[in-house]
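None of the figures in this text is laboratory data; all of them are computed from the coordinates on show. From a predicted model like this one, the values you see are computed outputs, not experimental measurements. Don't worry about glycine lacking a Cβ; one is built from the backbone with ideal geometry, like all the others, and counts go over all protein chains shown.
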Amino acid sequence: EKGGFEHFMLKEIHEQPDALRNAIRGRLDFNLGSSVLSGMGSSARDLAEIQRVVMVGCGTSLHAGLVGEYAFEDLADVHAEVQQAAEFRYRNPLITRSDLVVAISQSGETADTLAAVREANQKGAFVMGLCNVVGSTISRETGRGVYLHAGPEISVASTKAFTCQVAVLLMMALKLGRGRRFSREEGTRLAREIERLPELVEKVVTQSARIADIAKRYADHEHTFFIGRGYLYPVALEGALKLKEISYIHAEGYHAAELKHGPIALLVEGTPVIALANDIPGKDKTLGNVEECRARGARILGVITEGDHEAAEFMDDVIEIPACHPLVSTIPTAVALQLLSYHIARHRGCEIDQPRNLAKSVTVE
Ligand code: F6R
């Protein structure tokens, strides 16, 4: 059932090229430079009336929403925000009919996300589900939405659902954007990049053995930091969550610019810092932050764009990601961090598919 893999998590990491293929299939329109998401189920006019996108979710799904936030603002020029589902529910959210609320949940059963859906429905928002499990409670109660088609996710740690969530959010933002200021040319260019995702992720997955080797050097520390900025900031948060949940290493994700405001005090000789320094806007600033970490003796693993010798100079170890559109690069970068966490946890002899204290779906609040 694990298809020859030692753990479901590793199997699901390797399934991502196919999972992404399924999530994308039939959903890109290269002529119009847009996406076809019939599940969004509303006329162009309805979509044009949306004034704000509010995404709700928990854990890894929340992190996917944080990437979505950048996508909606950049591509669709629409105000977008992400709220932890429990927070959304209890803070008396200001929601109106011109808000699109997107509930992001792999299982479609997370109690807090479901409660947020009910709250948003009650307030008359335009509510949509972004679920993997077909027929799940959230997908039923939202009534409309888009399925991931990522296939069943067995491992407690979410991997392929995250990358497919981000891919679908990019397509949603593209669709919304094309009804607004995003041009057909730009749309077609982005659609072509989204189409490359299976191939881009394949290039990361095939580095598994190399990443396993790097992981040995990061497995014996009790604290690890992940830094990134812009589109890669949420990916840093997700990398830290993955590492802590399966390896039990205390890991924190920070915006690279936040380091100087406190966290840098924690760095001592040899502390691992995983720096997301792909060649996207802000890279030079991140490299500056890497330099500050090195000066405190940190050991730096950089995730960089293939062939970026300048960035490589700053790092002790590197994982290379193929060059691609900055928003799209969040996905192969996340896959690199999934593999890193997996191999670190394996070196530490952890129960990878069933980490202590965790359940696959959190149906209590
Ligand atoms: C982390 C993880 C959890 C889930 C969270 C939400 O790897 O799996 O953080 O992402 O419990 O679950 P869903 O997406 O099913 O609502």
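Among Glu320, Glu238, rank each residue by its count of other Cβ atoms within 10 Å, from fewest to most, as a rough exposure measure. If you can, show how the numbers build up before the last one.
Working: Glu320 21, Glu238 29.
Ranked by crowding around the Cβ, least crowded first: Glu320, Glu238.
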(request) May I ask you to list the aspartates and glutamates whose Cα is less than 13 Å away from that of Lys360, ignoring any residue fewer than eight positions away on the same chain? (result) Glu109, Glu153, Glu245
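If you take the square roots of the eigenvalues of the alpha-carbon gyration tensor of the stretch 1-63 and sort them as a ≥ b ≥ c, do you get rounded (a/c under 1.5), prolate (a/b over b/c) or oblate?
Values: a/c = 3.93, a/b = 1.78, b/c = 2.21.
Since a/c reaches 1.5 but b/c is at least a/b, the shape of the stretch 1-63 is classed as oblate.
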(request) Send over the semi-axes of the chain's equivalent ellipsoid, whole angstrom and largest first, taken as the square roots of 5 times the C-alpha gyration tensor eigenvalues. (result) 32, 22, 20
(message) Looking at the chain as a GNM with Cα springs under 10 Å, which of Gly129, Gly288, Gly239 has the largest mean-square fluctuation?
(response) Gly288
(message) Which of Gln106, Gln354, Gln165 ends up with the largest GNM mean-square fluctuation for the chain, with Cα atoms connected below 10 Å?
(response) Gln354
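Could you compute how fast the stretch 60-136 diffuses translationally, taking Rh as the Kirkwood radius over C-alpha pairs and applying Stokes-Einstein at 25 °C with viscosity 0.890 mPa s? Give it in µm² per second. Please report the intermediate quantities before stating the final value.
Working: Rh = 12.7 Å.
Diffusion coefficient, whole number: 193 µm²/s.
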(message) Between Ala212 and Lys360, what is 0.36 nm times their sequence separation minus the Cα-Cα distance? Round to one decimal in nm.
(response) 50.8 nm
(message) I'd like the Karplus ³J(HN,Hα) series for the stretch 74-87: coefficients 6.51, -1.76, 1.60, θ = phi - 60°, whole numbers in Hz, and an x wherever there's a Gly or Pro.
(response) 6, 8, 10, 6, 10, 5, 9, 8, 10, 10, 4, 4, 5, 5
(request) State the Cα centre-to-centre distance between the stretch 270-349 and the stretch 94-156 in whole Å. (result) 33 Å
(request) Quick one: grab the alpha carbon gyration tensor of the stretch 174-242, order the square roots of its eigenvalues as a ≥ b ≥ c, and give me rounded if a/c is under 1.5, else prolate or oblate depending on whether a/b is larger than b/c. (result) oblate
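In the structure displayed, which of Lys11/Lys242; Lys203/Lys283; Lys160/Lys260; Lys11/Lys244 lie more than 25 Å apart, Cα to Cα?
Values: Lys11/Lys242 16 Å; Lys203/Lys283 22 Å; Lys160/Lys260 33 Å; Lys11/Lys244 20 Å.
Table pairs above 25 Å Cα-Cα are Lys160/Lys260.
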(request) Starting with the fewest neighbours, write out Phe162, Phe314, Phe72, Phe30 ranked by other beta-carbon atoms found within 10 Å of each beta-carbon. (result) Phe30, Phe314, Phe72, Phe162
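Of Ser38, Ser329, how do they rank once you tally other Cβ atoms within 10 Å and put the fewest first?
Numbers: Ser38 9, Ser329 24.
Taking fewest neighbouring Cβ atoms as first place, the list is Ser38, Ser329.
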(request) Pick out which of Arg299, Arg192, Arg229 has the largest mean-square fluctuation in a Gaussian network model of the chain, springs linking Cα atoms closer than 10 Å. (result) Arg192
(request) Only helical DSSP H runs with n ≥ 4 go in: add -39500 (n - 2.57) per run for the chain, normalise by residue count and round the 222 nm mean residue ellipticity to 500 deg cm²/dmol. (result) -13500 deg cm²/dmol
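Roughly how big is the chain's charge dipole about its Cα centre, with Cβ charges of +1 (Lys, Arg) and -1 (Asp, Glu), in debye to the nearest 20? The partial results should precede the final answer.
Numbers: 40 positive and 48 negative charges, 171 e Å.
For the chain, the charge dipole is close to 820 debye.
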(message) Using a Cα-Cα cut-off of under 14 Å, which aspartates and glutamates could be cross-linked to Lys216, ignoring same-chain neighbours fewer than 8 residues away?
(response) Asp316, Asp317
(request) Sticking with the crude label model, points 7 Å out along Cα→Cβ, report the distance from Lys2 to Tyr90 in nm, one decimal please. (result) 3.8 nm
(request) Grab the other residues whose beta carbon is less than 12 angstrom from that of Glu15, score K and R as +1, D and E as -1, and report the net. (result) 0
(message) Give me the extension gain from Arg144 to Asn121: residue separation times 0.36 nm, minus the current Cα-Cα distance, reported in nm with one decimal.
(response) 7.1 nm
(message) Kirkwood Rh over alpha-carbon pairs of the stretch 107-189, then Stokes-Einstein at 37 °C and 0.692 mPa s: what D in µm² s⁻¹, rounded to an integer?
(response) 232 µm²/s
